[in-house]
Amino acid sequence: MTAEKIRELVSRMTLEEKASLCSGADFWHTEAVERLGIPASMVSDGPHGLRKQDQEGDHLGVNDSIKAVCFPAGCGTAASFNRELLTEMGATLGEECQAEGVSVILGPAVNIKRSPLCGRNFEYYSEDPLVASEMAGALIQGVQSKNVGTSIKHFLANNQETRRMSSDSRVDERTLHEIYLAAFEGAVKKAKPWTVMCSYNKINGLYAAQNHQYLTETLRGQWGFEGYVMSDWGAVNNRVEDLKAGLDLEMPSSGGSNDRLIAGAVLSGELEESVLDTAVERILNIVFRYEENRDRNAVFDRDKDHETARRVAEETIVLLKNEGVLPLSERQKVAFIGKYAAAPRYQGGGSSHINSHKITSAVDAAAGMDNVIYAQGYDDAKDATDEGLLAEALQAAQNAEAAVIFAGLPEKYESEGFDRPNMAMPAYQNELIEKVAAVQPNTIVVLHNGSPVEMPWIDRVKGVVEAYLGGQAVGGAVCDILFGRVNPSAKLPETFPRRLEDTPSYLYYIGEGDVVEYREGIFVGYRYYDKKKMDVLFPFGHGLSYTTFAYSDLTVDKERLQDTDTLRVSVDVTNTGAMAGKEVVQLYVADKESTVIRPVRELRDFAKVELAPGETKTVTFTLDKRAFAYYSVKIHDWHVETGEFEIQIGRSSRDIVLTKTVTVESTVKLPVVYTTDTTMGDVRRDPRAWKVLQETVTGGMFGPEPEGERSDAANEALSDEMMAAMIEYMPLRGPISFGAQMTMADVQALVDRLNALEES
Ligand code: BGC
């Protein structure tokens, strides 16, 4: 329906009808207005499968939903670093939604993994905003290609579950832009989600739902968002103010009470009716976009989609460690040990919980293989070592040529609604791994978890496979990787630190009461570990393959550029091994010298390439201003500081293999305001200002006094360099106290001259 027709429709609605459109009719539907032909529209969770509830609605994963297909969760799909794959997964979800009459799937969830402890990390993509927004954008494009909407969530700075409905994320402006907003920004600008879901929490004292700055100025004004903003379920705190701030749809429903508040506010003049009209137009625009593009022939083919889920899972499994034990051979006697081999932990708890139509475990997938035996090893329902199961497992391990232990976090350890208290795996699993490794030299651990865990046994096992929460087909995918039928190609979208105490937010997470200060600022994940040169268990971007890749010929199309130019970077990647495989080429940019505090390097692009043995491909990236910029709080915008930058191609943030230096010139001069407190050193940055200063300040220690004229003792006590350093940090008012012939009025006059120069 055209914008004009929608406006015309809104003009025919009563005030009450318009107000009613601004909140849900029930848990999952928008209101209908039958007399005007406005249908109710259904939304459903997401994000890694369809959680459509036909019966009793809830947002906590309590009541049943229809049988559906559970894809790998965000933690895993991000590890694929494969945009095309996420688009394909999105298209599959979109098709499922069409078949089920769902207009918007509630996801993807892009919140930054600020700490490994966040209970919902399994749904989230990364500690890095570029990875989060690129992967989300790819998924959104896929879903929306089927004329079904997405709801990128949870906007904004919602990085913990503790007190999620009242916590106040205190984040400085630069950090918000570089890390937390950036996770949404690229996806909103490029993939244009139909809707955005606003989070529960406050941001710097104001509820996200009430935050005009982010919901309207940033989202719509700067990023060009055109859909509707819906609240997270129960995130509305002040309906009228929220509507003014840009929150269009309240979910699920206030039973009409908030609708009456809206109507009342219009009648009393507190709320301009045009604000309400705009919100209704935005909602109807999406309702009709879906309605008019319904695909009545769409089918939800669960078996077919299960196979897609398996292919996605194959690319989400990260080979973390391999000391010559993998791939296993089909002739080798292998013991699968651990309950998760037969009953995999493949999804997290809460609103994203899918009612899987079938589950393939590793034991199922190995059903036809005579060389594989299984021992349960532990019972995660007991939370303690089961001596009988342990003994059986040790026996199986001893009788085999390799042991594969399926371990990880039990479902009750990570879920929506609460955070983990620590990064440990259950003690009974750690004990099992230690004991099996003691009797079987070829021990491999397969992990099922949504967020990093500590691995106290790391040096005693030869292989570690991070399977994340790989969806309902995970068992087949894991077996394919273990036996080398598929070459692993995923990379960590987050750092695995050695221990919780090493994490950047450790001192402040999860805040004091409702106040959560993000004191680590921009130093989240590898931005922190790399700056601290800290030893980590596995770095950001790490992931092994069964083949080897060589990098060569890093070239740039120019060595000097302005920040308004783009830079083309290309690099050759060759498969130097014997097996076909995929490599994730990671491009980082490092600012060589900067007056602002910056990370050592930041990921600025990545590409996944498939290479046959011996094959070489050239990968090309195009970088623009943002690749070199930081967010300047002086101009409230992105800024590049003139100077040298290193383009780094890496296998991980810790394994940079090729570099090239370029010089970028800024076309924007940051405004300088001189005061009597400005230091001499800061004046020196501008040669014109420095000249004026030298002409003005004379006498005493500032007068011309060649070194030769000072006594030897004086020179020894204060060399020219020391003198220069002292003057560097001397404020403009300083010379008055040290013998210059100046008064405060003279200094003020100097300041005025300098400021005039700035403006000229
Ligand atoms: C979650 C959202 C979810 C919504 C609806 C909320 O509790 O935070 O992610 O989409 O419920 O189930």
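The values are calculated or read from the model by the stated rules, or taken from the named source; none is laboratory data. The structure presented is a predicted model; accordingly, all values stated were derived computationally and were not measured. Virtual Cβ from ideal backbone geometry, glycine too; neighbours counted across all protein chains shown. Heads up: the accessible areas ignore ligands, DNA and RNA and are worked out on the full protein's heavy atoms, side chains in. Shrake-Rupley method; radii C 1.70, N 1.55, O 1.52, S 1.80 Å.
Calculate what fraction, in whole %, of the accessible area of the chain sits on carbon and sulfur atoms when a 1.4 Å probe is rolled over the protein chains.
With neighbouring chains kept in place, the figure for the chain is 48 percent.
Going out from 0 in 10 Å bins, what whole percent of all Cα-Cα distances in the chain drops into each bin?
For the chain, the pair-distance distribution reads 3, 13, 21, 22, 18, 12, 7, 4, 1, 0.
Among the lysines, which fall within straight-line cross-link reach of residue 691, defined as a Cα-Cα distance under 22 Å, with same-chain neighbours fewer than 8 residues apart omitted?
Of all the lysines, those that pass the test against residue 691 - Cα under 22 Å, at least 8 places apart if same chain - are 669.
Between residue 307 and residue 56, what is the FRET efficiency for a Förster distance of 35 Å, r being their Cβ-Cβ separation, to the nearest 0.05?
On the way: r = 31 Å, r/R0 = 0.89.
Once rounded, the FRET efficiency stands at 0.65.
Between the stretch 66-86 and the stretch 243-300, how far is it from one alpha carbon centroid to the other, in angstrom?
The two parts, judged by their Cα centres, are 31 Å apart.
Starting from the Kirkwood radius over alpha-carbon pairs of the stretch 118-230, derive D by Stokes-Einstein at 10 °C in a medium of 1.306 mPa s and give it in µm² s⁻¹.
Details: Rh = 14.1 Å.
Once the numbers are plugged in, D ends up at 113 µm²/s.
Taking the Cα-to-Cβ direction at residue 32 and at residue 534 and moving 7 Å from each Cα, how far apart do the two end points lie in nm?
Simple spin-label model gives 5.5 nm for this pair.
If you count only protein heavy atoms with a 1.4 Å probe, what accessible area per residue comes out for the chain, rounded to a whole Å²? Write down the numbers at each step before the final one.
Numbers: 28560 Å² over 760 residues.
Normalised by residue count, the accessible surface of the chain is 38 Å².
What does the net charge come to around residue 686 if you take all other residues with beta carbon closer than 10 Å to its beta carbon, with K and R at +1 and D and E at -1? Show your work: numbers first, answer last.
Numbers: positive: 669, 684, 685, 688, 691; negative: 682, 758.
Here the count lands on +3.
Show which lysines lie in cross-link reach of residue 333 when reach means a straight Cα distance below 18 angstrom and same-chain residues fewer than eight apart are skipped.
462
Would you grab the residues whose amide H sits under 5 Å from the one on residue 249? Only those 5+ places off in sequence or on another chain, please, with H modelled 1.01 Å from N.
So residue 249 has HN proximity to 229, 230, 231.
Pairs 190/304; 202/491; 192/582; 382/435: which are spaced more than 27 Å apart, C-alpha to C-alpha?
The pairs that break the limit, which is 27 Å between Cα atoms, are 190/304; 202/491; 192/582.
Any chance you could run the full-extension gain for residue 726 through residue 655? It's 0.36 nm times the residue separation minus the Cα-Cα distance, nm to one decimal.
Working: separation 71, 0.36 × 71 = 25.56 nm, distance 4.05 nm.
Extending this stretch completely gives an extra 21.5 nm.
Efficiency by 1/(1 + (r/R0)^6): what FRET value for residue 2 and residue 190, r their Cβ-Cβ distance, R0 = 30 Å, to the nearest 0.05?
0.75
State the extension gain, in nm to one decimal, for the chain segment bounded by residue 553 and residue 292, taking 0.36 nm per residue of separation less the distance between their alpha-carbons. Each step should come with its number before you reach the end.
Values: separation 261, 0.36 × 261 = 93.96 nm, distance 5.06 nm.
Computed gain between residue 553 and residue 292 is 88.9 nm.
From the helices alone, meaning DSSP H stretches of at least four residues, give me the mean residue ellipticity at 222 nm for the chain, per-run term -39500 (n - 2.57), in deg cm²/dmol to the nearest 500.
Values: 21 runs with 212 residues, N = 760.
Rounded to the nearest 500, the figure is -8000 deg cm²/dmol.
Kindly work out what percent of the DSSP beta bridges joining two residues of the chain are antiparallel, to the nearest 5.
Numbers: 56 of 100 bridges.
The antiparallel proportion sits near 55 percent.
If I take R0 = 45 Å and measure r between the Cβ atoms of residue 384 and residue 593 in this structure, what FRET efficiency does the formula 1/(1 + (r/R0)^6) give, to the nearest 0.05?
Numbers: r = 56 Å, r/R0 = 1.23.
E(calc), rounded to 0.05, equals 0.20.
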